[in-house]
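Below: the structure, in structure tokens.
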């Protein structure tokens, strides 16, 4: 019922939001009588803010058209490689007619980025993808909005997530021989499960795993997100946040955790910060600071775009990861596509290098939660394990923005390159980048190492199109 009420309210408000947009443009146009009023700029700013607060935010585009590769502008073509009911495997294919650049692109590592299925779309990792494309062949999991998936496609469980990841890894292995896997936030847990199950069966596993800001062991340094999951029972979540999709969508009748409830939760975590941000946006419009105003729009176009999650997947994630801690307790059984239960055993992983990354100021995934993966993956030689803490970085800072590009990415790039031939052939250096402090492989009996690195950006030259890699 709540979902239907929300949709009715949104439908009623949508025309007013559109009218506010028109009014904002009228008062911003100095060629019209509206725009010649002494208060025109202030009125325009007010209407613009009303429009932004009332509009419906659709799924954004990645919008990556070109990337710089050592000074050469390389064109990007985005396409879907695998289309599953609840997820697309999306590839960012690179084109250039510069021979030297093309040769370099073809020899670069293949990376599967597993994006979170936790409210926002995969486009939240746009900056991650754009940066990685300079030195890697990049694929990403693009999760679908559950309200758009018909009931005929069946349910989606946490086990299905794990099986999807395995299917994508196998596809890249068949295409390229092998690949590297990077998981950001929520997928660190199902990715570790997927690779563990492949190792237990004797399958070829990825050359490396990079895990960033995820709840491997949510008991460590619990945050507000962790506390909510512990304080509320499974039945509370099922009775209070699960609703059926209204009839106006293809997924009508599907049980979901609605995106609008998730968005309300995001806002509730830092309401003062969001209120200040919107007020600053209003002031920027009045002052004519269009650069700051556009930055605000870009951020909230992404932040306000949310998707519904299938109820079974959401509830099982709460129970498995945040309430019963099945991964760290060694009690997690995953049902494979044939219906057989398999125990998740991270200690069986031996041929996949492990890099964990945390932000010093992360208020979503607390300190030590991601690093806990090292205590589980005891079969990986310690020289092929590393932990990195990004100084001054919050949760989003480890995969987006200046700290990601200047501090975190050089560590990720170096680690992947060092293990491009696999663990057996790798000889990871003691200092994979040029840091201000040494970056060392993690020692389980000692504190983890921390480092900062300098920017490695280069100026761009001409744009070219041609052969693909």
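Only one entry in 246, 206, 215 is surrounded by fewer than 24 Cβ atoms within 10 Å (Cβ to Cβ) and assigned to a loop (DSSP other than H, G, I, E, B), namely 246. Checking 56, 48 one by one, the residue that is at pLDDT 95 or above and under 20 Å from residue 274 (Cα atoms) is 48 and no other. Within the set 253, 259, the sole residue that is under 30 Å from residue 4 (Cα atoms), surrounded by fewer than 17 Cβ atoms within 10 Å (Cβ to Cβ), touching a strand residue (DSSP E or B) at 6+ places or on another chain (Cβ under 6 Å) and in contact (Cβ under 8 Å) with a residue 24 or more places away in the chain turns out to be 253. Here is the figure for the range 361-378: residues that are surrounded by fewer than 17 Cβ atoms within 10 Å (Cβ to Cβ), touching a residue at least 40 places away in the same chain (Cβ under 8 Å) and farther than 19 Å from residue 227 by Cα total 1. Restricting attention to the range 218-243, the residues that are assigned to a loop (DSSP other than H, G, I, E, B) and in contact with a helix residue (DSSP H, G or I) (Cβ under 6 Å, 6 or more places away or on another chain) add up to 3. Restricting attention to the range 345-355, does a residue exist that is touching a strand residue (DSSP E or B) at 6+ places or on another chain (Cβ under 8 Å), surrounded by 15 or more Cβ atoms within 10 Å (Cβ to Cβ) and either part of a helix (DSSP H, G or I) or without any contact (Cβ under 8 Å) to a residue 60 or more places away in the chain (or both)? No. Going through (1) assigned to a helix (DSSP H, G or I); (2) in contact with a strand residue (DSSP E or B) (Cβ under 6 Å, 6 or more places away or on another chain); (3) surrounded by 23 or more Cβ atoms within 10 Å (Cβ to Cβ) one by one, residue 102 falls short only on (3). Suppose the filter is in contact with a strand residue (DSSP E or B) (Cβ under 6 Å, 6 or more places away or on another chain) and either surrounded by 14 or more Cβ atoms within 10 Å (Cβ to Cβ) or closer than 30 Å to residue 35 by Cβ (or both); does residue 283 pass it? It is false that residue 283 is in contact with a strand residue (DSSP E or B) (Cβ under 6 Å, 6 or more places away or on another chain) and either surrounded by 14 or more Cβ atoms within 10 Å (Cβ to Cβ) or closer than 30 Å to residue 35 by Cβ (or both).
Consider residue 331 carefully, then state whether it is under 23 Å from residue 230 (Cα atoms) and without any contact (Cβ under 8 Å) to a residue 24 or more places away in the chain. Yes; evaluated as a whole, the condition is true for this residue.
One line per residue, one yes/no per condition, for (1) assigned by TED's automatic domain parsing to the domain that holds residue 153; (2) buried (at least 16 other Cβ atoms within 10 Å of the Cβ); (3) in contact (Cβ under 8 Å) with a residue 60 or more places away in the chain:
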| residue | (1), (2), (3) |
| --- | --- |
| 61 | no, no, yes |
| 75 | yes, yes, yes |
| 83 | yes, no, no |
| 92 | yes, yes, no |
| 116 | yes, yes, yes |
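Screening the candidates 368, 392, 397 for the property of being under 23 Å from the mean Cα position of the chain (by Cα) and part of a helix (DSSP H, G or I) yields one hit, 397.
For the range 175-203, a residue qualifies if it is crowded, with 21+ Cβ neighbours inside 10 Å and in a helix (DSSP H, G or I), and the qualifying residues are 188, 189, 190, 191, 192, 193, 194, 195, 196, 197, 198, 199.
The values are calculated or read from the model by the stated rules, or taken from the named source; none is laboratory data. Since the structure is predicted, the reported quantities are computational estimates derived from the model, not experimental observations. Note that each Cβ is placed from the backbone with ideal geometry, even for glycine, and that neighbours are counted across all protein chains shown.
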